[in-house]
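Reviewing the structure listed below.
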Amino acid sequence: MRPSRCHAWPSSASCLSLVVLFAWIPASGIAQRTHRVTLNPAAVPITIAPGKTVQNAWVYNGQLPGPTIRVTEGDRLQVKVLNDLPEATSVHWHGLPVPLAADGVPGVSQGAIGVGQEYDYDFVVTTPGTYWYHPHVDMQIDRGLVGAIIVDPKNSAADPRFDREYLLLVDDWLPGAPIPGRDPIYSDYLLNGKTSAGQTPLAVKQGEVVRLRVVNVSGATPYVFTVDGHSMRVTHADGQPVAPVIAGAIPIGPGERYDVYVDANHVGKWSIAFADLQNRSRTLVRAVLAYDGSNAPIPDASYVPIALASAPLLTYAQLKSASPRGSLFAQPSRTYDLQLGMRMMQYVWTINGQAFPNADPIFVSLQDRVRFRISNPTMMYHPMHLHGHFMLVHGSLGGTTAPLVKDTVLLPPGTMRSATRIDVDWLADNPGRWPFHCHQIYHMGAGMMRLVEYAGRDGDGDGLADGQDFDPHRGHAVTWTESGNYGIGTKVDFKAQWTPGQFSMWFVGAPLLQAVPFGLYGDSWIAPYIPLGASLVGVGGMSTLSFHLPNDAGLVGVRAGLQALTTTATLAPGLRLSTLSYLTIR
């Protein structure tokens, strides 16, 4: 965990100061609650069971799972990420329909957060539900970098009543660092960061209604779970409300979430058990539901509840949306047939025979009604996740008018002769470039991913098409710090994405706590403005200024803000201030 960094870049009498002192004038408008959170990913020792400590776990804020972020529908969430990992990272807000600029995918919506550096995410949470956050860099999700987000509805009556609530994050745990290019072998399975041996019983009183928010944050494992001695009433899938359905056993793929209600009407101590979906005869990890005053023994960690092994599995066909998310499209604007696959004798996973990044974009236009017909002829489960949008699932109990709403759909194994298939519809209402990928991260890392790219529009008028723009909603350059070890005497690259052929003039200063608006020019985030240099934006929309940090030991720990003033041929008055980025010298 890093100490607080409060140093500012040293001023210089010879520097051109564009801004010296600002007075902040509060913006008018309706009051909005703002939640400010800091996430500090770092390598620390973590105890996952009594007497079992992992010495080099990668976690947020020194805990596994990371801190639960809880907000209310309509709130603004500002998250500062301070990266103390030994490599670059990012944070993706899984399932939340955020603007592209907050999606957290390096090379698609931001630059990676360098070692020892920081990054700000800022967005309004518009949709209640159970969500989670994780990196979108390589296999980092499989090292412990996971946490939950709960968005409560503005109207509390929108959720069924409950007396007690528990969050259960189920995870698979590696004995060492992830190895790309092969299926992982897990040493342990965790609930809320602990094996079965490390579980604290979940207390309940007879007559209570208990809400369980179950999130599969695993890198690769699809599970089935049950609450022994009780039925489960499914109320939400991927955070979205459904007409309640009673289930005995629920499959849950990586990235999926289910909210279930349990009526506490059977006194005792009961196993909340998870098994591999492909081997239901073995409990991998379990929590314990313990009634107050019960003298019953705690179920053995290896106990396999009858429902876990043999109860009928919940299916999408049993679920009906209880939210006004829309109907299936009678006539979609675009239809894509997407076949999942694997190249023979290689660990290469494909969509329509192409492996990312050497894969064609999936083109859509704003307000297109898009249909994906996804087929799986492979012998593996594939949880397919679409960023930035909700999918309406065909063949659910809701029919055409109230179809199941999901952001991650789990395709069961198939065969070359009999592929499994799921059709989904989704509305192209969130401009940008969005990943669609398998959330078995080893499959994703080996190619099972495409980018959905909005074409034919430049919504913010900055000369970058929506499908190429890191921030298609606002006409300003997106900046970040890249490469180098950020030490004194080393070279760092300051990067900006902007209109090809324009110029970026780079400045450094002390970061301000609050932006100062400059009308059409944008927002100022630093003071004073100390010039660093200028760079030309290339054909690909990228501008790079290479800068050698002074070889001065007194600069170690200095934290600076960076902004670019860019020229623009498409936006009046011809200049725009960029986003704020940071540099901390190590």
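FYI, it's all coordinate maths here, none of it is from the lab. A quick note: this is a predicted structure, and the numbers were derived from the prediction, not measured. Every residue, glycine among them, receives a Cβ derived from its backbone with ideal geometry; neighbour counts consider all protein chains shown.
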Compactness relative to 2.2 N^0.38 Å, alpha carbon Rg of the stretch 308-451
1.05
Of the residues Gln32, Phe547, Val516, the Cα lying farthest along the dipole of the chain towards its positive end, which is defined by charges on the beta carbon of Lys, Arg, Asp and Glu, belongs to Gln32
Dividing the mean separation of Cα pairs under 8 Å (6+ apart) by the residue count of the chain yields a relative contact order in percent of 13 percent
Going Cα to Cα from Lys269, which aspartates and glutamates come in below 19 Å? Please leave out same-chain ones fewer than 8 positions away.
Asp163, Glu165, Glu208, Asp228, Asp292, Asp300
Based on the Kirkwood radius over alpha-carbon pairs, what is the Stokes-Einstein translational diffusion coefficient of the stretch 109-155 at 4 °C with 1.567 mPa s viscosity, in µm²/s?
99 µm²/s
Dipole of the stretch 51-180 [Lys/Arg +1, Asp/Glu -1 at C-beta], most positive-end residue of Leu169, Leu145, Gln110
Leu169
Largest to smallest principal axis extent of the C-alpha atoms in the chain, angstrom
77, 56, 55
Of all DSSP beta bridges having both residues in the stretch 110-258, the percent classed as antiparallel (nearest 5) is 75 percent
What is the pair-distance distribution P(r) of the stretch 38-95, computed from all Cα-Cα distances in 5 Å bins starting at 0, with each bin given as a whole percent?
4, 16, 23, 23, 15, 10, 6, 3, 0
Which whole-number percent gives the relative contact order of the stretch 447-554, counting Cα pairs below 8 Å spaced six or more residues apart?
25 percent
In the neighborhood of Asp276, defined by Cβ-to-Cβ distances under 10 Å, what is the net charge if each Lys or Arg adds +1 and each Asp or Glu adds -1?
+1
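Report, for the chain, the % of DSSP beta bridges that are antiparallel, rounded to 5. Can you show the working numbers first?
On the way: 126 of 158 bridges.
Beta bridges within the chain, antiparallel portion: roughly 80 percent.
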Looking at the stretch 216-319 only, what percent of DSSP beta bridges run antiparallel? Nearest 5 please.
95 percent
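Which value results when the Cα radius of gyration for the stretch 170-315 is divided by 2.2 N^0.38 Å?
Numbers: Rg = 15.1 Å, N = 146, 2.2 N^0.38 = 14.6 Å.
So the stretch 170-315 has a normalised radius of gyration of 1.03.
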Please report, to one decimal in angstroms, the Kirkwood hydrodynamic radius of the stretch 137-242 built from all distinct Cα-Cα pairs.
16.1 Å
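What is the dipole size for the stretch 162-241, taken about its Cα centre, with +1 at each Lys and Arg Cβ and -1 at each Asp and Glu Cβ, in debye to the nearest 20? All intermediate terms of the calculation are to be shown ahead of the outcome.
Values: 7 positive and 9 negative charges, 32 e Å.
Here the stretch 162-241 has a charge dipole of around 160 debye.
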Could you give log10 I(q)/I(0) at q = 0.18 Å⁻¹ for the stretch 75-184, computed by the Debye formula over C-alpha point scatterers of equal weight, without solvent?
-1.00
Can you tally the net charge around Pro403? Count Lys and Arg as +1, Asp and Glu as -1, for every other residue whose Cβ sits under 11 Å from the Cβ of Pro403.
+1
Inter-part gap, Cα centre of the stretch 335-355 to Cα centre of the stretch 528-586, in whole angstrom, is 40 Å
Just to confirm my numbers, what's the Cα centroid distance between the stretch 97-153 and the stretch 271-316 in Å?
32 Å
Quick one: dipole size for the chain, taken about the Cα centre, charges +1 on Lys/Arg Cβ and -1 on Asp/Glu Cβ, in debye to the nearest 20.
540 debye
Of Leu314, Val288, Gly268, farthest towards positive along the dipole that unit charges on Lys, Arg, Asp, Glu beta carbons give the stretch 242-320
Leu314
For the stretch 388-445, Rg(Cα) over 2.2 N^0.38 Å is 1.30
Taking a quarter of the surface of the convex hull around the Cα atoms of the stretch 245-399, what do you get in nm²?
12.9 nm²
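Let me have the 222 nm mean residue ellipticity of the chain computed from DSSP H runs of 4+ only, each contributing -39500 (n - 2.57), with the sum over all residues rounded to the nearest 500. Each step should come with its number before you reach the end.
On the way: 2 runs with 10 residues, N = 586.
The helix contribution divided over the chain gives -500 deg cm²/dmol.
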